[in-house]
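The values are calculated or read from the model by the stated rules, or taken from the named source; none is laboratory data. Not measured: the values here are computed from a predicted model. Here the Cβ is made from the backbone with ideal geometry for all residues, glycine too, and neighbour counts use every protein chain on show.
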Amino acid sequence: MKKVLMMVIGLSMLATSASAFGPMAYGGLYSDEARTVIEYMGTMSYVDVKLWINPSDNGVSVMQYKLDIEGAATVFATATKNPDMGFSSGDLWQGDGIQISCPCQPDWFWSENLNFFVMNDAPSYIVLLPHGLYGLCEVGGCDALKTLEPLNPINKFGLNTLGIVPNETSTWGAIKSLINE
């Protein structure tokens, strides 16, 4: 009986991990269109990093967030907004952050292309942060009210260090220990 229960739990975990993110919106920093590269190693050269957003089931039509660099990297950075995005206000790096409106986005899209010239080899991270004025990193859905919900960071993009993808607190071992009790 335990084996059958373990198999059912395992298969349900696989089924949920293969599906889209569903009820939550996520944002991640990647240097490739396939959204797999989360670090850059090098100096005195350019790297492009895009902020990709995976909408929740509600889609995305507005966003507010800020980006920053954690660490001692010396970079020259420029940001280019996706041409499909609409009105924006604020500054991505300076001050409180940026607010962007866009046509309804039901699937993965990028909002900003960041071009960095990395001038030293200090290990650092590019991170998605809450908007300074509102204290939240969030998106608004495609409904008439543009209902706000959290924009959950997926990763920290590494400059001259490995990128970080946080781990969930539930593990297979934790699930097995619940069954064995």
Could you list, in sequence order, all residues of the stretch 74-104 that are touching a residue at least 40 places away in the same chain (Cβ under 8 Å) and under 22 Å from Arg35 (Cβ atoms)? Val75, Ala77, Cys102, Pro103, Cys104
Going through the stretch 142-181 one residue at a time, which ones are under 26 Å from Pro106 (Cα atoms), of a type in the set (D, E, K, R) and either part of a helix (DSSP H, G or I) or at pLDDT 80 or above (or both)? Asp143, Lys146, Glu149, Lys156
Being part of a loop (DSSP other than H, G, I, E, B), out of contact with any Phe, Trp or Tyr (no Cβ under 9 Å at 6 or more places or on another chain), of a type in the set (D, E, K, R) and within 20 Å of Glu39 (Cβ to Cβ) is the requirement here; does Asp107 meet it? no
Filter the stretch 70-82 down to residues that are under 19 Å from Gly27 (Cβ atoms) and either touching a Ser or Thr at 6+ places or on another chain (Cβ under 6 Å) or not aliphatic (A, V, I, L, M) (or both) and give me whichever is surrounded by the fewest Cβ atoms within 10 Å (Cβ to Cβ). Thr80
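Looking only at the stretch 111-120, count how many residues are crowded, with 16+ Cβ neighbours inside 10 Å and not polar (S, T, N, Q). Step through it out loud before you land on a result.
Here is the first cut: in the stretch 111-120, the ones crowded, with 16+ Cβ neighbours inside 10 Å are 111-112, 114, 116, 118.
The next check asks that each one be not polar (S, T, N, Q); those that pass are 112, 114, 116, 118.
Summing the residues that are crowded, with 16+ Cβ neighbours inside 10 Å and not polar (S, T, N, Q) in the stretch 111-120 gives 4.
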Under the condition of being within 19 Å of Asp121 (Cα to Cα) and modelled with pLDDT of 95 or more, which residue from the stretch 48-69 is surrounded by the most Cβ atoms within 10 Å (Cβ to Cβ)? Val49
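Here's the yes/no breakdown for (1) touching a strand residue (DSSP E or B) at 6+ places or on another chain (Cβ under 6 Å); (2) outside any strand (DSSP E or B); (3) within 23 Å of Met41 (Cα to Cα):
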{"residue": "Asn58", "(1), (2), (3)": "no, yes, no"}
{"residue": "Lys66", "(1), (2), (3)": "yes, no, no"}
{"residue": "Ile69", "(1), (2), (3)": "yes, no, yes"}
{"residue": "Leu92", "(1), (2), (3)": "yes, yes, no"}
{"residue": "Gly95", "(1), (2), (3)": "no, yes, no"}
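Is it fair to say Val47 is assigned to a strand (DSSP E or B) and of a type in the set (A, V, I, L, M)? Can you show your working first?
Values: assigned to a strand (DSSP E or B): yes; of a type in the set (A, V, I, L, M): yes.
So Val47 passes the test.
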Looking only at the stretch 16-26, count how many residues are small (Gly, Ala, Ser) and either at pLDDT 50 or above or surrounded by 10 or more Cβ atoms within 10 Å (Cβ to Cβ) (or both). 3
The condition from (1) polar (S, T, N, Q); (2) over 18 Å from the mean Cα position of the chain (by Cα); (3) in a strand (DSSP E or B) that Asn113 misses is numbered (2)
Any chance Leu133 is at pLDDT 90 or above, among the aliphatic types (A, V, I, L, M), in contact with an Asp or Glu (Cβ under 7 Å, 6 or more places away or on another chain) and part of a loop (DSSP other than H, G, I, E, B): no
Restricting attention to the stretch 27-37, does a residue exist that is modelled with pLDDT of 90 or more, of a type in the set (Lys, Arg) and in a loop (DSSP other than H, G, I, E, B)? yes
